[in-house]
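To start, the structure under review is shown below, and the notes come after it.
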Amino acid sequence: MIHQLHEKGGIVDNIFLRIFASLILLLALGGRIGNLAQVYPKAAASEYVAPIIKNVRVGYVEVPCFMQGMRDDAVKSGLAYDYLQRVSYYTNWRYVYVYGDWATILDKLYKGEVDVMAGVSKTPERAGKMLFPDYAMGTENYYIYVHTDHPLAMKGLAGLHGHTVSVNQNTIMSDLLQRWNQAGNYQLNILTYSGNDSRYRDFKANLADATVDTDNAVQEDTNMVPFAWIGQSDYYLAVTKNRPDLVNDLNTALNKIITTNPRFVDKLANTYFSKLAVVANLSGDEMDWINHNPMITIGYVDDYLPLSDRDDKGQVEGIFKDIFQEIVQKLNIQDKLRFSFVPFDSYDEMLRALADGSIYAAFPVNSDVQQAEKLGIFLSSDVITSPMYLIYTGDYANLNLRRIGVKRENSIGDIYVRTHYPHMEMIYYDDIHDMLDAVKRGAVDGCILNQFRREAYLARAGYRDLQSIALTDYISLGFAVRKGNSELLSILNRGITRLPSDFGLTSTYAYTGMMAPMTFRDYLLENLLTVMLAIGIIIAILSSLVAYIFLIHRNKREMQYIAQHDGLTGLLNRHCYNDFLNARQQDYPQDNLVVISMDLNGLKGVNDTMGHEAGDELIMGAAGCMKEALSAYGSVYRTGGDEFVAIIETPQQGLPKIIQSLKERFDNWHGKWNKSMSVSLGTAHNSDSSRKKLHELLALADQEMYKDKAAYYSRLGIDRRRH
């Protein structure tokens, strides 16, 4: 019994101990939970911690297209400036700009008086005096340059032996030149200079036969051509030696930039350096080719507006003509080459003629590399890129594409359809109207048009019930030359590079109305109610016919006005300017003819910093001043984004008063966003010298304008060349 009680007591004690332990555990957990309850609400209520902002002193050196704007209140732009801004997004750096020339800023970087400097090449000497990040800003190519009219430009490398070449001392370009000279045993006489100003002054005075500079430093108005490539080097955003913390920030930022936008620097380079002199001037072998081929034949596809066609007189028209005129003018070869243009009824026929040598070049040619290899032709850079549209009727969700319409003799369309719709049955039509009518009545399920033809045809009343949807892949078109003719290909590519970026797009507007002119059917459809009310009444029918004729003429006048005038300023446009020059190219101008070349200063900077609305204000303001001062004497053309040309008539003694009036209007102008404007201008008068052709006067006016622009930069203390 006692034994049993002891056993029961043991059981009771065991249960009690377990209960007691559980209570202690619950109390402990309760305290823990209480602590957690205090922690989490506090964490949830914690405030945003502002990032640490570092003031960073930036060495700022004026270099065109790379770093511009040498005052805190100036408009800043350029590859390096944009690069610095993107870096600051990831580093929280606040910039303080320190201005100076290259040598001064580099010395300040050595001494720690500036923290960072852009565009610094890495050399063993510099590596010991400053810090470099893991990632380069970009790569510079170094060239030996000669003047375009120097005999060396035509001789090639063999003619360089023993000549004098100038270069800046104690620079990487100097090291590269020395190594290149020794490796090739050219026995150059190398002149060294402490800076660009004296070097370029002597080079211009022909004290040196050639000089060395980078591919992104030579501007298009310097009359220089790259003669020989001597090497390349990376350049960096360098950091002063006593700020390793900035290098750590910089490496982290650049890693993020590169991993999220790998082509960032390439895009900047394309924006700022795409039209510099390395790609703008003809080389010696290209000039030699032109001298041996003064007459070239160019083929084009007929009936392919807005790209190419023939007018009623059998003359070529379309943007092909405009592009070709622009290229020869930009390259200044209009007096060195003569051209004949041959129309072809089909794309395939044109390419066969190119392949067998019947023509030198062809346009438009689809940028299909595989087809080009099979045909034995070379493709130029793209001239125009257009979205493609599927044209259909009904609901797109219910569209079942099996049969697709294609215009006959248009292999550009064939190639696109075969590439993107290989299983479709292709039904050919002789005319685009027939093809669109087939889509309307369901004979085919759809067809494909480029953007320009879609806008022209679907605007007509008879096709407004058709639907369209943009396709993913665009079509790119350009020139083609026969395989082996690399010189002509290079010439065309240089000219294409010089075209304004929107040239192909804006040129098409002049031909939109020609593609699908208003027909009587369109008129009836657009005025259906009027026609129905007038049925059976002869007077009403006659009135409708008169109204139709009136609308046709009004439409023609409106299209003619659009074709000849710039939409923003109301001035005559580039298309009208080219027609004027083409009609008078071989004529000697009469006495008292004056050409005025004008160029807005700082437009790109205004667009970049204040927006395109402010830039448009500058353009319209300049155009208004030109209209007021010059319209009474002749015509004013807008020939580019910020470029204008006036062709007027006035006696030589009256010209200064006209120019003074024009400059006063520029000086007194102010707008909502812009407080002032600056316009560089140059003039050429036919009585200034012996009688000259019109294009020679244009060239003289351009030269005077560039001098005025150089003086403008000089007054602002801007070094236009790269240090």
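The values are calculated or read from the model by the stated rules, or taken from the named source; none is laboratory data. Because the structure is a prediction, the values reported are computed rather than measured. For neighbour counting, all protein chains shown are included, and Cβ atoms are generated from backbone atoms with ideal geometry for every residue, glycine included.
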Just name the residue that is nearest to Asp445 (Cα to Cα) out of those in the stretch 385-412 that are in contact with a helix residue (DSSP H, G or I) (Cβ under 9 Å, 6 or more places away or on another chain) and among the small types (Gly, Ala, Ser). Gly405
Cβ-Cβ under 8 Å, sequence separation 6+ or interchain: first residue in the stretch 222-244 and free of Cβ contacts under 8 Å to residues at least 40 places away in the same chain, partner surrounded by fewer than 16 Cβ atoms within 10 Å (Cβ to Cβ). Which pairs? none
Can you name every residue in the stretch 98-118 that is surrounded by 15 or more Cβ atoms within 10 Å (Cβ to Cβ) and of a type in the set (A, V, I, L, M, F, W, C)? Val98, Trp102, Ile105, Leu106, Leu109, Val114, Val116, Met117, Ala118
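Does Glu140 satisfy the criteria of being part of a strand (DSSP E or B) and assigned by TED's automatic domain parsing to the domain that holds Phe264?
In short, yes.
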If I filter the stretch 680-695 for residues that are surrounded by 17 or more Cβ atoms within 10 Å (Cβ to Cβ), without any contact (Cβ under 8 Å) to a residue 60 or more places away in the chain and over 22 Å from Val328 (Cβ atoms), do I get at least one hit? no
Only residues that are under 30 Å from Thr609 (Cα atoms) and in contact with an Asp or Glu (Cβ under 9 Å, 6 or more places away or on another chain): list them for the stretch 679-704, please. Val679, Ser680, Leu681, Gly682, Asp702, Gln703
Taking the stretch 677-714 and keeping residues of a type in the set (Gly, Ala, Ser) and either in a helix (DSSP H, G or I) or outside the structural domain of Val594 (by TED's automatic domain parsing) (or both) leaves Ala699, Ala701, Ala710, Ala711, Ser714
Going through the stretch 389-429 in order, the residues found to be modelled with pLDDT of 85 or more, in contact with a Lys or Arg (Cβ under 9 Å, 6 or more places away or on another chain) and either surrounded by 14 or more Cβ atoms within 10 Å (Cβ to Cβ) or closer than 24 Å to Leu305 by Cβ (or both) are Tyr389, Ile391, Thr393, Met424, Met426, Ile427, Tyr428, Tyr429
Only one of (1) in contact with a strand residue (DSSP E or B) (Cβ under 9 Å, 6 or more places away or on another chain); (2) basic (Lys, Arg); (3) at pLDDT below 85 fails for Lys275. Which number is that? (1)
Heads up, the helices (runs of 4 or more DSSP H) in the stretch 277-378 (entirely inside) with at least 2 residues that are under 30 Å from Asp702 (Cβ atoms) and charged (D, E, K, R) are 284-292, 319-330
Matching residues, the stretch 613-670, being β-branched (Val, Ile, Thr) and more than 20 Å from Gly570 (Cβ to Cβ): Thr650, Ile658, Ile659
The residue that is surrounded by the fewest Cβ atoms within 10 Å (Cβ to Cβ), considering only those in the stretch 342-355 that are of a type outside the set (Gly, Ala, Ser) and modelled with pLDDT under 90, is Asp345
Name the residue that is surrounded by the most Cβ atoms within 10 Å (Cβ to Cβ), counting only residues in the stretch 55-88 that are more than 24 Å from the chain's Cα centre (by Cα) and among the basic types (Lys, Arg). Arg57
If you scan the stretch 612-623, which residues turn out to be touching a residue at least 24 places away in the same chain (Cβ under 8 Å) and out of contact with any Leu (no Cβ under 7 Å at 6 or more places or on another chain)? Glu613, Ala614, Glu617, Gly621
Reported set for the stretch 555-565 where residues are surrounded by 12 or more Cβ atoms within 10 Å (Cβ to Cβ) and more than 19 Å from Ser507 (Cβ to Cβ) is Asn555, Lys556
Residue that is among the charged types (D, E, K, R) and closer than 14 Å to Tyr236 by Cα, where the choices are Asp134, Asp101: Asp134
List the pairs whose first member sits in the stretch 642-668 and is among the charged types (D, E, K, R), whose second member is part of a helix (DSSP H, G or I) and surrounded by fewer than 13 Cβ atoms within 10 Å (Cβ to Cβ), and whose Cβ atoms are under 9 Å apart, counting only residues at least 6 apart or on separate chains? Arg665/Glu628
Test for Asp13: is it at pLDDT below 50, on the phi < 0 side of the Ramachandran plot and acidic (Asp, Glu): yes
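Can you tell which of Gly484, Gly442, Gly446, Gly478 is surrounded by 18 or more Cβ atoms within 10 Å (Cβ to Cβ), out of contact with any Asp or Glu (no Cβ under 6 Å at 6 or more places or on another chain) and among the small types (Gly, Ala, Ser)?
After ruling out the rest, the residue left standing is Gly446.
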Quick check, is Thr609 buried (at least 21 other Cβ atoms within 10 Å of the Cβ) and polar (S, T, N, Q)? no
Any idea which residue in the stretch 430-464 is nearest to Leu401 (Cα to Cα), counting only those that are touching a Lys or Arg at 6+ places or on another chain (Cβ under 7 Å) and of a type in the set (D, E, K, R)? Asp445
Taking strands (runs of 3 or more DSSP E) that do not extend beyond the stretch 392-479, which have at least 1 residues that are in contact (Cβ under 8 Å) with a residue 60 or more places away in the chain? 446-450, 467-470
Tyr143 vs (1) touching a Gly at 6+ places or on another chain (Cβ under 8 Å); (2) farther than 21 Å from Arg243 by Cα; (3) buried (at least 20 other Cβ atoms within 10 Å of the Cβ): all pass except (1)
